[in-house]
Amino acid sequence: MLKLSALIKVVIKVVIKFMVTQSLLWQLEQQSSNFAELCNALYEGELITLARNECLALANLQDRINSLTHYIKCMALALLKAQTPLKLDIKNASWSAKQVTTIPTISQLLAYDDNVLLGTKVNG
């Protein structure tokens, strides 16, 4: 009887571990899907900006395009990890929120984290 209960405990541990692993795989898949869609939106916006810039020399344009991958990935990760009351629109790489009926007070504005207002601090 003791061997059977030990075997049941092992089976339960394996099943729980499998379920947790499956859950993590689904979350990672969802996150990578959001990450990919956000990167596409960021690339689209940046390429439009680069294409409209008539003053940019060819060498500078090549350098900016070469470094674009790094900055797009960093920005996408920062946007996905950001703690903010705003909702991230993955398809447009923009923030949105319901418009309030009254403007915030100075103390409410000062209570916001610098990275929410200025976008200067990257978490990670």
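The values are calculated or read from the model by the stated rules, or taken from the named source; none is laboratory data. Predicted model, so just to flag it, every value in this text is computed and none were measured. Cβ coordinates were reconstructed from backbone atoms using ideal geometry, including for glycine residues, and neighbour counts include every protein chain displayed.
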Exercise. Collect the residues in the stretch 24-50 that are modelled with pLDDT under 85 and among the aromatic types (Phe, Trp, Tyr), keeping them in residue-number order.
Key: Trp26
Quiz item: Can you find even one residue in the stretch 50-57 that is loosely packed, with under 10 Cβ neighbours inside 10 Å, farther than 30 Å from Tyr112 by Cβ and either aliphatic (A, V, I, L, M) or touching a residue at least 12 places away in the same chain (Cβ under 8 Å) (or both)?
Solution: yes
Quiz item: If you go through the stretch 66-124 one residue at a time, how many are modelled with pLDDT of 80 or more, among the β-branched types (Val, Ile, Thr) and exposed (fewer than 13 other Cβ atoms within 10 Å of the Cβ)?
Solution: 6
